[in-house]
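Quick notes on the structure that follows.
The values are calculated or read from the model by the stated rules, or taken from the named source; none is laboratory data. None of the values given here were measured: they were computed from a predicted structure. Every residue, glycine as well, gets a Cβ built from its backbone with ideal geometry; the counts of neighbours run over all protein chains shown. Remember, those area values only see protein heavy atoms, side chains included, never the ligands or the DNA or RNA. Shrake-Rupley method; radii C 1.70, N 1.55, O 1.52, S 1.80 Å.
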Protein chains: 2
Amino acid sequence: MDLTRLARDLARIVGPDGVVSDPDALTVYERDALTYLSEYPPQIVALPRSTAEVAAVARRCFEAGVPITPRGAGTGLAGGAVAARGGVLIGLNRMDRIRSVDLANRQAEVEAGLVNLWLTNAVRERRYFFAPDPSSQAASTIGGNIGNNAGGAHCLKYGMTVGHVLALEVVLSDGSVVHLGGPAPDPPGYDLAGVFVGSEGTFGIATAATVRLLPEPEGVKTMLAIFECVQDASNAVAAITAEGIIPAALEMIDKHIIRAVEEVVRAGYPQDAEVVLLIELDGPWAEIEAQADAVLKVCRRTNVIEVRVAKDEQERARLWKGRKEAAGAVGRITPTYYLQDCVIRRTLLPRILGEIDAIGARHGVRIANVFHAGDGNLHPLICFDERVPGELERAVAAGSEILRLCIAVGGTVTGEHGVGQEKMNFMPLMYSEEDLAAMLKVRNAFNPENRCNPGKIFPTAKTCGEVGIAYRPHPIEQQGLAVRL
Amino acid sequence: MDLTRLARDLARIVGPDGVVSDPDALTVYERDALTYLSEYPPQIVALPRSTAEVAAVARRCFEAGVPITPRGAGTGLAGGAVAARGGVLIGLNRMDRIRSVDLANRQAEVEAGLVNLWLTNAVRERRYFFAPDPSSQAASTIGGNIGNNAGGAHCLKYGMTVGHVLALEVVLSDGSVVHLGGPAPDPPGYDLAGVFVGSEGTFGIATAATVRLLPEPEGVKTMLAIFECVQDASNAVAAITAEGIIPAALEMIDKHIIRAVEEVVRAGYPQDAEVVLLIELDGPWAEIEAQADAVLKVCRRTNVIEVRVAKDEQERARLWKGRKEAAGAVGRITPTYYLQDCVIRRTLLPRILGEIDAIGARHGVRIANVFHAGDGNLHPLICFDERVPGELERAVAAGSEILRLCIAVGGTVTGEHGVGQEKMNFMPLMYSEEDLAAMLKVRNAFNPENRCNPGKIFPTAKTCGEVGIAYRPHPIEQQGLAVRL
C-alpha cells in the first residue's frame, strides 16, 4: 500500500490540515490512558468534520485494504482507542457540534466528538442535564462514552450510557451510513442502537447520536459518612440498598485516596479517616428528606463515626471535586498506577475488598480503592514504580489476579472501561467458544472483514500471551465459592 | 420432506405425547390473538420439556430443511407466533419451571414457558415482584414477553422487559445452544441479551432467562381522575410528566371502554364519565404523599371533575381489574375489534386522539381507547362486525391510517406488540433500505438461513400486498407536521 498516496487522497477529503502523517506528530496517538501497553502508532490520522467526510475516509481505506480505528479523547483505560493493527486512526474531535436540542421531548442530537460535559453545560441554564457522568467527563467524548457504554458515579440511579441513547448515525467499515434506533421509544425491529453501545468501535464509527436529556431534580443532598473500617462502610452500602433506597450516587473512598486528594484538592475529607462514603440523594425534597433519615439510621447501625451534610453548593462541589479528581491526585502517593475496573455483587464487598488487600500484599504492591460502591463496580488502583525492575510485572499480575477473583465469584472483568486490548484474554474465562462465536458473527454482520478497530475484544492466536498477563487460579476458586457464569 | 418420518423422529426426542400432527388438533395453533390474518397451520407441533429437547428438535428440523417457529401462550397481537411458512411450531408451555430464586441478588432463573404472573406469585410472600406487566400477564409467557420486549402499565416507571433480562439461554436454528449476557451487570463484550429481547423469535428460541426481581415498594396509592373531555385528560398527562413526576402507571380509559368495563367487571369507573385517568404512585410513603399533592394540583389546573383515591387494597384491585380486563370487556360493545399499538410523543396526545376519532368517522368504524398514556403508547380498539361485508376491510384501513399518522409525527408503529406479520409492510416507511439491510445482517448472524420464525418483521416480495393493508397518505402529512424519523 502506498501510504503517501493514501495520505494525499485523504487530504482531498478532509483538507490538508485534517491529515497527520508525520511520525513525531503520530506519537500523540499511539496510546490511550492505559499506559502500560506497547505503543501502537497509526500510520495516518484523519480528522474529519462531518459524517460525509468520515464515510469518504472509511470508503477510501476500505478500497485500499487499510484498517480504520475511531478515537475520541483517548481517555479510555483499556487500550481501545489505538490502532492496534496500524492503518488510519479517525479522530472525531472536530465533530463536536450540538445539532439540535428539543427540551419538550427531552432529547438532543449531538456529534460524536462532543465532550460529555459540554452537553450538560449547554442545557444547564434551562435546568436539564445529560446523565452519564464518567469521571473523565470533562475530557471524554460522547462517542467514546457510547463505544464503552460508560458509567459514572450517578449511573447507580440513572443507568449506564446505553439507557440514554435513542438513535445513532453510524459509518460502517465500507463507508456506508446507517441509522440505528430512532427518537421515539422502542422503535420496531431489532434494538441495533442498543447493541452498538458498548461495541467499542468494532461495529463501525458512531458519528452522531440522539441522546436523552433529563430535567434537574428538585433538590440534591450530599453526605460524607466517615467509617472506622472498610467492613463497616461496606455493610452500610449493602444495607442502604437493602432498604430499597437508590441514591443518586454511592461512592467509597479509602484512606490512600483520601490522603492523596486532601494534598491536592482539599475536598474536605477528614485526613485521618480510614474510609468514607460519598452519598448523594436527589429528587423532590420530601423524598430526599425521607431517604436521608433512612440513610442516617443505616449508617448508625453500621457504626458510622460521623455523617457530614454539605451545607451549600460550594461544599457539595468540593466533595465531588475530590472524588472526580481522585485518579489524578494519586500521583502524590505513587509514581505510576494501574487502574482496574471490575464488578461484583454488593453483598460480597467486604469479603472481596479484603481479598484485594491480600493480593496486593502477596505481590508487594499497594492498592488504593475509590469506586462506585453502590453498583459493586470496583476500581482498585494498583500503585507501583515502573523505574523499579519487576514492579510493572507485579502490578499487572496483581491486576490479573483481581480479575480472576471477580470472575470466580460471579462478577465481571469490566464495569465501564471496556475490554479493549487489556482484557481480550479474559473473555474465554467468561464465555464459552460458542458464546464468543455468536458475538463474532454479530460483529461480522456490521464489520465483515474486521476492518474497523481490529485487534480488540476478541483474543486471537497472535494476542494470546502477548499482553503478558499471567493467569493463576485464585485461592477462592478452591474454596467452592466459584459460581457458574 | 417426509412429514410422517419427521414426526416420528421428533416423538423420539420429546415423547409421543409431545408431538401434535393431527390436522384438527393443529387448528389450535394456526392463529394468535391477531385474528384477522389468514390461518397458518403448522405441519407439526413439538412440545419439548427441556433446553436439550428444544436443541434436538431444532437440529432435526435443520437437517430436514424445515423451518421452526417458537410459540408461548399465543396471546401475541401481531401474528408473530404462528408458522407463517409452515414447518414445526415449538410450543414452550411445558418448560414452565422456576429454576432458582436468589433474592439477595434480586434475580430468578426461569424457563421460557413460565407464565409471567406466576413468577410474581412465587415471590410475592417475600415481598418481591417481576416488573414487566403486560395486560396479558395472567396468560402470556416470559419467553413471549422477551420475544416482543413486552411493556405493560407499570413500564412507565420500571421500563420494558429488556431492562429486566440479565441473561438468556438460547437455542439457535441449527440446534446449537448459546448463553447471552450474564447475571452480573453489564458483562463485557456485546450486549447480545439486549438485542435478543424484542427480536420476535427471528434470532433463535430463548429457552430460559435470568431476570431481575424488584422489592415491593413501601406503599402504593391508586387514583382515578375523572375528566370532562379527552383534551383535559391529555393535558393532565403532559403536565404530570412535565412536573418531573414518574408515576408507576398512568393509563387513559375513554367512555367506550368505561361502559364496557362497568357492564362486565364493575371496576367502579363512573358510568357517565367521558374519560378517566388511572394514576398509580408507588415508593416510600413520604414520596408518594408529595407526588400525590403535586398530581392533585396538576389535575385541578387541567379542569379535573373529581379525583377518587382507592381507600383500600380491594378498591385498588377493582380499579386495576377494569383496566387489565378492558380488552376482554369490549366484547360487550362490539362483535369484533382490531387492537392497534403505536407510540407518539406525549405532547401530541390531544391532537392525535382527535385525529384518530376523525379517522374512525371517515372509515365508518367506532374507535375506543384504553392505553398507556404516560408512555404515549396508544392502543386504539377499532370496533367492527366481521359479518357485515366490508367492515373488516374498513377497520384494517383505519388501523393502517392510524399507523401512517403516527409515523408522520415522528412516532412508531409498535410500542410493545411487535412487528410480526401485521406490520412488516410498515418497516420500509420507518427505515431506509440500508437500515433494514443492517438488521437483516444481524438476523443472519444468529439465524443465517432464515430457518427460525421466517415470514416475520421484514417485508418480502411475497408479502408485499399480502396482508392487504392499503396505504394512503394521511392528511397530516400534507400539513407540514411530518418529521424526519
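Quick notes
- Residue within the range A:190-209 that is among the β-branched types (V, I, T), surrounded by fewer than 24 Cβ atoms within 10 Å (Cβ to Cβ) and under 30 Å from A:V307 (Cα atoms) present: no
- Qualifying residue in the range A:225-234 (condition: in contact with a Cys (Cβ under 8 Å, 6 or more places away or on another chain), touching a residue at least 40 places away in the same chain (Cβ under 8 Å) and over 28 Å from A:L281 (Cα atoms)): no
- Scope the range B:372-401; condition under 16 Å from B:V230 (Cβ atoms) and out of contact with any Gly (no Cβ under 9 Å at 6 or more places or on another chain); matching residues: B:A373, B:G374, B:L381
- Any hit, the range B:206-225, residues being among the charged types (D, E, K, R) and under 20 Å from the mean Cα position of the chain (by Cα): yes
- Residues that are in a loop (DSSP other than H, G, I, E, B) and hydrophobic (A, V, I, L, M, F, W, C), drawn from the range A:130-189: A:F130, A:A131, A:A138, A:A139, A:A150, A:A153, A:M160, A:L172, A:A184
- The listed residues are A:P217, A:P247, and the only one of them that is part of a loop (DSSP other than H, G, I, E, B), away from chain B (no Cβ under 11 Å) and either of a type outside the set (K, R) or within 21 Å of A:D133 (Cα to Cα) (or both) turns out to be A:P247.
- Residues of the range A:34-54 classified as farther than 21 Å from A:N148 by Cα and touching a Pro at 6+ places or on another chain (Cβ under 9 Å), total: 1
- Cβ-Cβ distances below 8 Å connect the following pairs, each with a first residue in the range B:139-165 that is more than 14 Å from B:G113 (Cα to Cα) and within 11 Å of chain A (Cβ to nearest Cβ), a second residue that is open to solvent by less than 30 Å² (accessible area, probe 1.4 Å) and in a strand (DSSP E or B), and a separation of six or more residues or different chains: B:G151/B:H372; B:G151/B:N377; B:C155/B:H372; B:L156/B:A249; B:L156/B:L250; B:L156/B:H372.
- Among the candidates B:I246, B:I253, B:I240, the residue that is open to solvent by less than 10 Å² (accessible area, probe 1.4 Å) and either basic (K, R) or at pLDDT below 95 (or both) is uniquely B:I240.
- Within the range B:254-291, the residues that satisfy the criterion of being farther than 13 Å from B:G322 by Cβ and in contact with a Lys or Arg (Cβ under 6 Å, 6 or more places away or on another chain) are B:E274, B:L281, B:I288.
- Just one of the numbered conditions (1) assigned to a helix (DSSP H, G or I); (2) at the interface with chain A (Cβ under 10 Å from one of its Cβ atoms); (3) among the polar types (S, T, N, Q) is not true of B:T414: (1).
- Residues that are closer than 16 Å to A:E109 by Cβ and either open to solvent by 10 Å² or more (accessible area, probe 1.4 Å) or modelled with pLDDT under 95 (or both) within the range A:165-181 comprise A:V165, A:L166, A:A167, A:E169, A:V177, A:H179, A:G181, listed in sequence order.
- Within the range B:292-328, being outside any helix (DSSP H, G or I) and either among the hydrophobic types (A, V, I, L, M, F, W, C) or under 11 Å from B:K221 (Cβ atoms) (or both) holds for B:V304, B:I305, B:V307, B:V309, B:A310, B:K311.
- Restricting attention to the range B:417-434 and to residues that are open to solvent by 10 Å² or more (accessible area, probe 1.4 Å) and in a helix (DSSP H, G or I), the residue that is nearest to the other protein chains (Cβ to nearest Cβ) turns out to be B:E434.
- If you go through the range B:260-291 and pick out every residue that is among the charged types (D, E, K, R), in contact with a strand residue (DSSP E or B) (Cβ under 9 Å, 6 or more places away or on another chain) and either more than 18 Å from B:G244 (Cα to Cα) or not in a strand (DSSP E or B) (or both), you end up with 3.
- Screening A:E386, A:E355 for residues that are touching a Leu at 6+ places or on another chain (Cβ under 7 Å) and either more than 30 Å from A:A248 (Cβ to Cβ) or open to solvent by less than 10 Å² (accessible area, probe 1.4 Å) (or both) leaves exactly one candidate, A:E386.
Rundown of residues vs (1) modelled with pLDDT under 95; (2) over 29 Å from A:A398 (Cα atoms), yes/no style:
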{"residue": "A:P16", "(1), (2)": "no, yes"}
{"residue": "A:P23", "(1), (2)": "yes, yes"}
{"residue": "A:R31", "(1), (2)": "yes, no"}
{"residue": "A:T35", "(1), (2)": "yes, no"}
{"residue": "A:I44", "(1), (2)": "no, yes"}
{"residue": "A:A55", "(1), (2)": "no, yes"}
{"residue": "A:A58", "(1), (2)": "no, yes"}
{"residue": "A:R94", "(1), (2)": "no, yes"}
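- Residue match in the range B:439-452 (condition: free of Cβ contacts under 8 Å to residues at least 40 places away in the same chain, open to solvent by less than 10 Å² (accessible area, probe 1.4 Å), within 8 Å of another protein chain (Cβ to nearest Cβ) and out of contact with any Asp or Glu (no Cβ under 8 Å at 6 or more places or on another chain)): yes
- Sole residue being at the interface with another protein chain (Cβ under 10 Å from one of its Cβ atoms), among the small types (G, A, S), more than 21 Å from the chain's Cα centre (by Cα) and crowded, with 22+ Cβ neighbours inside 10 Å, chosen from A:A184, A:A233: A:A184
- Of the listed requirements (1) farther than 21 Å from A:C229 by Cβ; (2) buried (at least 19 other Cβ atoms within 10 Å of the Cβ), A:K321 misses just one: (2).
- Test for B:D24: is it farther than 18 Å from B:I205 by Cα, in a helix (DSSP H, G or I) and open to solvent by less than 40 Å² (accessible area, probe 1.4 Å): no
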